[in-house]
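Single-structure report; data block below.
The values are calculated or read from the model by the stated rules, or taken from the named source; none is laboratory data. These numbers were taken from a predicted model, which means no experiment stands behind them. Cβ: placed from backbone, ideal geometry, glycine included. Neighbour counts: every protein chain shown. Calculation scope for accessible area: heavy atoms of the full protein, side chains included, ligands and nucleic acids excluded. Shrake-Rupley method; radii C 1.70, N 1.55, O 1.52, S 1.80 Å.
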Amino acid sequence: MIRLALPTGDLRRDSAAFLEAAGCGIADYASGSRALRFSLDDGGVARVFREKDIPVQVALGQYDIGICSSGWIEELTQRFPGHDVVRLRDLGYGAFTLWLAAAGDRCAPSLRIVSEYANVAIAVARRMRLARYRVFGLHGAAEAYPPEDADLALIAARDAAAVEALGLRPLWPVLRSSACLIANRRSIAARDLSRSLARLLEGGGGADSSAALSVPPKLDLPFADAAPRGVVRIALPDGHQQPDAVAVLHAAGVRVHGYDDGPLVRRPGIDVDGVEVKVIRPQDMAQQVALGQFDLAVTGRDWLFDHLVEFPSSPVEQVVDLGRCRYGLAAIVKDVAANDVAGAIREWRARSPQAPIRVASEYANIADHFARERHAGRYSVIPIAGASEGFVPDDAEILIEGIDTGSSVRANNLTVLERFFESTNCLIANKSRPHGARGDVFDALVERFRAAALAPAAAGRR
Amino acid sequence: MPEVASTQRARGMRDVLPDEMARLRRIEAAFAAACRRWGYGEVRTPVIEPLHLFTAAGTLSPQTLDHVYSFLDWDGWSGERVVLRPDSTIAAARLYSERLASPGVAKLFYSQPVLRFTDDGASREEWQCGVELIGDTGRAGDIELVALALDALAALDLPRVTVRLSHAGIVRVVLAAAGLPADAQSAAYDRLLDGDLTVVDEIEARLPQLNAPLRLLFEIEGAGLGYVQNVRASLAGAIPALAGPLDELAFIVEVLEASGVAPRISAVLARRFEYYSGTVMSFESAGQRVGAGGRYDELIALVGGAGVPASGFALFVQPLADLTRGDPPPAPGIAIEPESDSPRDHAAALAAAAALRAAGISVATIAGAASRGHRLICRGADGGFTLDRDGRGLVLHSVDDVIGELGRGR
């Protein structure tokens, strides 16, 4: 019985076609069904993941075979060179290149590199023999960071022209990537997957295009210290937090041009003098505020909590609870008799005394903190990028996830063991406040957000 | 739930049991005693250091940097990573430049582990007994280090110790003479450090003026001064800059030979370490590499200090422990126990144990599993003792009687 990990997102259509051509078609996967788990004709199972999660799931041995971009395999390999993923074949679609790109002509003495591919970026920095560097792993929007908030970005793009279209200067193609069929080494060694393998490996697809990392011989970016900042910089969220941020801005009487609707603009204009706006992922804001790149940011209390449990001495703090985008973080399980976390841990320990309890979450630091504080004993945190439905009990014992009313949890026969954190959107700032004229602008802006948070419409809104 | 590992010990980490620990302590004690005899003072550096100390070109090779344990500390929100000490020399250079830099020579030694990831399940924690000689000591310093290492090793009764010498300047000069651009020199050097000798052919192709093969230098291991002079005669005509490092090496070899040490000579000894700039040394016994070191004149400036020349070496504790006997086990002591479980008898046993220890006798109040000594039953404060020796009970009246009896039994 094969266990197959399949990608959602950009690779889904081509992957469905590949499976169909190989005689392993999954009709619901091909049709774009919202379900995440499918039963296969031969008794096997297929599960849909965010592409980034697939190498991790296959490496852990939770799935035998997977399809994902070779870029994500390299991201795993650079961190865990001894992992159990083997590449079976290049599938010839989903091609892109990881580009090292810049926007400015100077860099900070401790070079700042941003990327969703943080481990690849670290490897690039090492191979370039950079004397001092900092790599910031992002959840997305790396192209928005240079030149103000990063010196280099390592981004996925089809070609150099696509990098330029993002407003960046392509410096070097670091890695060429395309969709790959991968397998777990131990599954190949010990399980009979021959029927499926024969189909998946026969015909179609391209040659193995896996290539080593390539790095530029040197970087023509002279050092320069950052110039003093004349404006207050605020980061606003994209994604599911954006509508609530728009509502707060409206309530605060602040107009941000190109943020309310229409195509996403990373540097929208604002009608407040002395303020500059950038739109980035809410997950990445706390660290950017800690670094002093932004004076203020609108994010979720969940992501602030995740940052603070990773870096307890970080200088970031919440200055206004904006009261919207409300949900709780909860420990979710399935098929557990106990009604609290301690009881569940006892139950799992009785079943398998030494096996690690798997805690899966998009909030890797909160999951780690949760397991530690609940004395889980031997546990492992499985970071996931999303598509968490159906994770328990097959792929993890506990799922740490945001829940609203809990109706979807109940609909899936899941159990909330503990709702342990209430999240709302909030305004965060660095404990070192700006001074002088910038300080006045900062204080006035915070005051407007505070007034917006107190508006009656905020209470109980989601 | 996932599979269960057969041990709870972290992969690549070792437990050390009492017998092996005795050997490790013997090595450390012999090393420390030798260092003190030669005028060195002991230091210890932190197990966590900033990563950037180790990433600058000229410190560790990329191959080594791929295997360091680096991470964001709890206060690492600035993005600056830290690392579990992967190398003690760089850490000692940092310590010197921040805490000890002053005119004159600093002579430091330490016994501490370095941590590096290994792909093959080998130990990831490697204990080293290291020495750093920081200051303008020149060739005399390198000679002192070789002699000090041999002095420390001599106390361990090892099979014959072989000294190998090289000079990092030899490779650097050849690469520069080949006209390779700086970044290509670095790449070629990395390949050589990694043991890839195909690069020698590529370099030769760029040196048409050579009238002797470079493999004379890179493939042959020489036996002393004669070899150094042969290489000089064969290659220094075509690459005049080779004369400097070869002459320095020849001087050191000549002194050592006159002192009864017969060093072997190799062009490349220091794999995976880029900071060596002059003489490089290695020590072997019974086919195992038990120590290595060399001159690193540019390193202290690279970690932010003044341009102070320096050299050093480290002895590798684990291979030495495999070749060394531990100290002889201590004479069997005694295990004392109260006649009854009353507080008064326990207190009397404790007092008697203290008096016996003051007389130099090993006394356990709880007998260990490996206890080889005799059993002494304490019959209260004034009740005397029964010494149980091989099943025969001997009644003794005082601590002095016990001391006397045990003294007779030694």
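Just one of the listed residues (A:292, A:323) is in a loop (DSSP other than H, G, I, E, B), of a type outside the set (Phe, Trp, Tyr) and within 14 Å of another protein chain (Cβ to nearest Cβ), namely A:292.
Scanning the range A:134-156 for residues that are hydrophobic (A, V, I, L, M, F, W, C) and either out of contact with any helix residue (DSSP H, G or I) (no Cβ under 7 Å at 6 or more places or on another chain) or in the same structural domain as residue A:236 (by TED's automatic domain parsing) (or both) yields A:141, A:142, A:144, A:150, A:152. Checking the stated criteria, residue A:390 turns out to be part of a loop (DSSP other than H, G, I, E, B), in contact (Cβ under 8 Å) with a residue 12 or more places away in the chain, away from every other protein chain (no Cβ under 12 Å) and surrounded by fewer than 23 Cβ atoms within 10 Å (Cβ to Cβ).
When we screen B:14, B:36, B:23 for residues that are modelled with pLDDT of 95 or more and farther than 30 Å from residue A:344 by Cβ, the only hit is B:36. Residues in the range A:342-360 that are in contact (Cβ under 8 Å) with a residue 24 or more places away in the chain, assigned to a helix (DSSP H, G or I) and open to solvent by 10 Å² or more (accessible area, probe 1.4 Å): how many? So the answer is 3.
The condition of being surrounded by 23 or more Cβ atoms within 10 Å (Cβ to Cβ), within 12 Å of another protein chain (Cβ to nearest Cβ), in contact with a helix residue (DSSP H, G or I) (Cβ under 7 Å, 6 or more places away or on another chain) and of a type outside the set (Val, Ile, Thr) does not hold for residue A:131.
Reported count of residues in the range A:85-143, each being without any contact (Cβ under 8 Å) to a residue 40 or more places away in the chain and within 27 Å of residue A:278 (Cβ to Cβ), is 9.
Conditions (1) more than 11 Å from chain B (Cβ to nearest Cβ); (2) open to solvent by less than 10 Å² (accessible area, probe 1.4 Å), marked per residue:
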{"site": "A:78", "(1), (2)": "no, no"}
{"site": "A:81", "(1), (2)": "no, no"}
{"site": "A:99", "(1), (2)": "yes, no"}
{"site": "A:104", "(1), (2)": "yes, no"}
{"site": "A:111", "(1), (2)": "no, yes"}
{"site": "A:117", "(1), (2)": "yes, no"}
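Across the range B:144-157, the qualifying residues are those that are open to solvent by 30 Å² or more (accessible area, probe 1.4 Å) and in contact with a helix residue (DSSP H, G or I) (Cβ under 7 Å, 6 or more places away or on another chain), and the one among them that is modelled with the highest pLDDT is B:151.
Taken residue by residue, the range B:85-93 has at least one member that is within 14 Å of another protein chain (Cβ to nearest Cβ) and within 26 Å of residue A:108 (Cβ to Cβ). If only residues of the range B:50-84 that are open to solvent by less than 10 Å² (accessible area, probe 1.4 Å) and touching a strand residue (DSSP E or B) at 6+ places or on another chain (Cβ under 6 Å) are counted, the one that is farthest from residue B:117 (Cα to Cα) is B:79.
Condition check ((1) touching an Asp or Glu at 6+ places or on another chain (Cβ under 7 Å); (2) over 19 Å from residue B:281 (Cβ atoms); (3) assigned to a helix (DSSP H, G or I)) across all residues:
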position	(1), (2), (3)
B:77	no, yes, yes
B:99	no, yes, yes
B:113	yes, yes, no
B:120	no, yes, no
B:140	no, no, yes
B:147	no, no, yes
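In the range B:47-73, the residues that are acidic (Asp, Glu) form Cβ pairs under 7 Å with partners that are assigned to a loop (DSSP other than H, G, I, E, B) and at pLDDT 90 or above, at six or more places apart or across chains, as follows: B:49/B:85.
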